[in-house]
C-alpha cells in the first residue's frame, strides 16, 4: 500500500511539474509583453477568490471589510491609482447581500428591517429617482454618482440590522472606527512632522495646493479625500471617544478612550478645518441634552464654554497656525463666510425659476464634471445643506431636513429610554457624533463623504436597534457594569 501511495504521488508530481513550468513560462512571457499587469491580476484573483468565498460563508466578513475599506480606499487611490477603488464599496455590500439572500446554513431575523429608518431611506431613494424627471434635466452620470450615497443608506442600514446586530457587534464597530481613525491621526502627524509621500506631494501639487497650503502652512489630510474630511472625521471620533471615556467600563478601557480622544482633538487641529469645530460643540451639546448623568453633563458644558471663550475672547496661542484657523471660524466678518453667503444669493436667484432645483448631480464635484456650462455647475455649494437645496429645491430641502431632524429626535428618544448603562453611553456617543456631522455639514460637504457617511449609516442601524439591544443586555445574567464594555 505504501509503495502504491508513493507511486501515485510520483505520477501526480510528474504531471504537475511540467504544468508548473508551462505556467511559469506563460506568466513570464505575459509579463514581458504586458509589464507587471498580468502577475498583478493573477495575484489579485488568488487573493480575491478566497475572500469572496469567505463572504458567502459568513456575510459579516463583507460588512466588516466594507467598514474598514471606507477608511483606506482614498489611500489606495492616491498611492496606487489606475483602478476604480470607489466602487469596491458597493461591491462589498452587494456581495454581502447576495450572501444573505442565498445563504443556506443561517437564518436571519428579517423582521429587524421592518424599521422606520429603513422606510425613511426607501422614501428618500424614491425622491431621488423622481429627480430623474426634473425639468432641469441634470446629466444622468452626475445623478448616478450622487445617488450612490442614498443607495448606501438602503444597502448598509438593513444589512447591519440583519447580520451585525448584537451588542458584541456594536463593540466591534466602535473598536474598528476608533482604531482606523487613530491610524489616520498618525498619518496626519507624519505629514506635518516628517513630510509627504511622493504620491501625496503629487496630489498636493496637482489639485490640493490652493486649499491645503495656507500662509505657507500645510493642512493635514491623512488618507482622506481632503483636510476638511479628515478634520471633520477626527472631530466626530473625538466626541465618540470622549463620551466612552466617561462610561461605566473598565478603567483601562476608559483611559484608552480618553487618550484616543486627545489624539483626535490634535488630529482635528492640524487639519486646519474650521467647520469641524462645530462638530465638537454640537456633539457635546447633544451629550448634555440627552444624558442624565450629572458628572458628564457638567464636564461637557465646561468643555464647550471653555473652548468657545478661549477662541472667541482671547488671543492665546495666536502664533500657532492651528489655533488661528479654528479661531477664524468664530469671526462674523470672515471673508470665506461672506463668499458663501454671496453664492447662496446666486442659487436663490436660480431657484426662483426652478422650484424643484437643478436635479441630483447639478452642483459641486458632479456639476463641474458632468454638467459643465450650466449655471449651478459654476457655483461652489461649500455646504451639503446648500447642495441639497440647490439640487432638490426648497420642497426637497424641507423634506430632507425634516428627515434628518426626525432621525436625530428619534435617536435621542431611544437613548433616553435605554436602561442598560453601558449601552446607553455607546448609543449616546453615536448619536452625539452623527448629529455633530449632520449639523456641521452646513459649512462643508461632509456627511456624504467617506468614512463619515459609513459611520453615520452604521450608527443609525445600531441606534434604531437600541430597544432590542437593551432587552438583550437586560436578559443577560446580572454582572458588574464593567462587563458590558
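Nothing in this text is a laboratory measurement; each read-out follows from the coordinates by a stated rule. All values reported here derive from a predicted model rather than from experimental measurement. Positions of Cβ are backbone-derived with ideal geometry, glycine not excepted, and every protein chain shown enters the neighbour counts.
Here is how the numbers come out for the structure above:
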{"item": "Within the range 144-174, backbone nitrogen closer than 15 Å to the virtual label 7 Å beyond the Cα of residue 372 toward Cβ", "result": "none"}
{"item": "The range 72-128 versus the range 138-197: alpha-carbon centroid distance in Å", "result": "12"}
{"item": "Efficiency of FRET from Cβ geometry, residue 83 and residue 206, R₀ 22 Å, rounded to 0.05", "result": "0.75"}
{"item": "Relative exposure of 103, 354, judged by other C-beta atoms within 10 Å (fewest first)", "result": "103, 354"}
{"item": "Efficiency of FRET from Cβ geometry, residue 192 and residue 442, R₀ 22 Å, rounded to 0.05", "result": "0.20"}
{"item": "Peptide ranges 139-145, 273-279 listed from the most packed, as the mean C-beta count within 10 angstrom indicates", "result": "273-279, 139-145"}
{"item": "Ranked 97, 110, 460, criterion: other C-beta atoms within 10 Å, fewest first", "result": "110, 97, 460"}
{"item": "Residues of the range 180-198 with amide N under 20 Å of a point placed 7 Å along Cα→Cβ from residue 51", "result": "180-181, 183-184"}
{"item": "Pairwise label distance in nanometres, residue 475 with residue 151, each label 7 Å out on the Cα-Cβ vector", "result": "3.7"}
{"item": "Packing-based exposure ordering (other Cβ within 10 Å, fewest first) of 129, 363, 437", "result": "129, 437, 363"}
{"item": "Cα centroid separation - the range 343-416 against the range 420-476, whole Å", "result": "23"}
